[in-house]
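Participant: Here it is, the structure in full.
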Amino acid sequence: MKKWLTLPLAAGCLVLLAMPALANEGHMNRPSDLSTIPVKGSYQEKLETETVYSVDISWGSMEFVYAKEGTGVWNPETHSYDNVSGAGWQYPAGGPGGLAGNEVQITNHSNTKIVCSLDFTTEEAFPEIVGTFDRPEISISSAEGKAVDDETLTQKSKLNMQGALAKQVVTPTPIGEILVTLQE
């Protein structure tokens, strides 16, 4: 019976003695004591890093006005109209961040190249209105190794509207929405 208990007790003692070695710690009792810490190394051809996506999207006012006839600003010095615009869709020239009213701006802060697509979807109540982008797909290189304010990391696209808006719509009314998709 005593032999049967000896083996489990010896195994338990070995486990307890190995614990400090697994804990990655040491202890010294006097100034002349030394402690050593093992340091290991290995070689890898390339370290794998995680892809991090960080994309800023900003846009102009996106408030369009449909005019049946053109407009302009009367200039009394030249007896003519300045800033003449034809009939059709108009939008504010300046907006937040210096963007025109019809512009979408995308900035890549990711450590990988990105491709974004832009689509305009018309509200059901306005099937005669169509919106298209001059650049429906934007590709921007990786921000890795580039300054935060590097101009090559920012691209713009302009929304152009076609079709007529009914004259009863005299206040700003939702006519559609833009879907920006980050593709893989």
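Participant: Share of the stretch 53-177's accessible area from carbon and sulfur, percent, 1.4 Å?
Facilitator: In the stretch 53-177, the share of accessible area belonging to carbon and sulfur is 51 percent.
Participant: Hand me the trypsin sites (Lys or Arg not before Pro) from the stretch 123-184 located in a DSSP loop with no more than 15 other Cβ atoms within 10 Å, in residue order please. Working shown, then result.
Facilitator: On the way: sites: LYS146, LYS156, LYS158, LYS167; in loops: LYS146, LYS167.
Qualifying residues, ordered by number: LYS146, LYS167.
Participant: While we're here: Expected output is a single nm value to one decimal: the length gained when fully extending between VAL52 and GLN162, i.e. 0.36 nm times separation in residues minus the C-alpha distance. What is it? Don't skip to the answer; put the middle values down first.
Facilitator: Details: separation 110, 0.36 × 110 = 39.60 nm, distance 3.78 nm.
Length gained between VAL52 and GLN162: 35.8 nm.
Participant: List the chymotrypsin sites (Phe, Trp or Tyr not before Pro) in the stretch 34-82 that DSSP assigns to loop (not H, G, I, E or B) and whose Cβ has at most 12 other Cβ atoms within 10 Å. Which are they?
Facilitator: TYR43, TYR53
Participant: What's the ranking of 106-117, 129-140 by average number of surrounding C-beta atoms within 10 Å, highest first?
Facilitator: 106-117, 129-140
Participant: Which of the listed residues, PRO31, GLY101, PRO136, is farthest toward the dipole's positive end in the stretch 18-149, when Lys, Arg count +1 and Asp, Glu count -1 at the beta-carbon?
Facilitator: Farthest towards the positive end: PRO31.
Participant: While we're on this one: Given R₀ = 30 Å, FRET efficiency for ILE178-SER80 by Cβ-Cβ distance, to 0.05?
Facilitator: Step by step, r from the Cβ atoms, then E = 0.25.
Participant: Quote the FRET efficiency, to the nearest 0.05, computed for ALA100 versus VAL148 with a Förster distance R0 of 35 Å and r equal to the Cβ-Cβ distance. Write out the running numbers ahead of the final one.
Facilitator: Details: r = 24 Å, r/R0 = 0.68.
It comes to 0.90.
Participant: Moving to a separate point now. With each label point set 7 Å from Cα along the Cα-Cβ vector, what nm distance links SER141 and HIS109?
Facilitator: 2.1 nm
Participant: Follow-up. I'd like to check one number: the per residue accessible area of the stretch 107-184, probe 1.4 Å, reported in Å² as a whole number.
Facilitator: Numbers: 4910 Å² over 78 residues.
For the stretch 107-184, the per-residue accessible area is 63 Å².
Participant: Once label points are set 7 Å from the Cα along Cα→Cβ at both ILE37 and GLU63, what is their separation, rounded to one decimal in nm?
Facilitator: In this crude spin-label approximation the distance works out to 6.2 nm.
Participant: Still on this model: In debye, nearest 20: dipole of the stretch 62-122 around its Cα centre with unit charges on the Cβ of K, R (+) and D, E (-)? Intermediate results must be reported in sequence, preceding the final value.
Facilitator: On the way: 2 positive and 6 negative charges, 51 e Å.
In debye, rounded to 20, the stretch 62-122 gives about 240.
The values are calculated or read from the model by the stated rules, or taken from the named source; none is laboratory data. Predicted model, so just to flag it, every value in this text is computed and none were measured. When we count neighbours, we look across all protein chains shown, and the Cβ atoms used for this are built from the backbone with ideal geometry, even at glycine. In case anyone asks, the SASA skips ligands and DNA or RNA and just uses the protein heavy atoms, side chains included. Shrake-Rupley method; radii C 1.70, N 1.55, O 1.52, S 1.80 Å.
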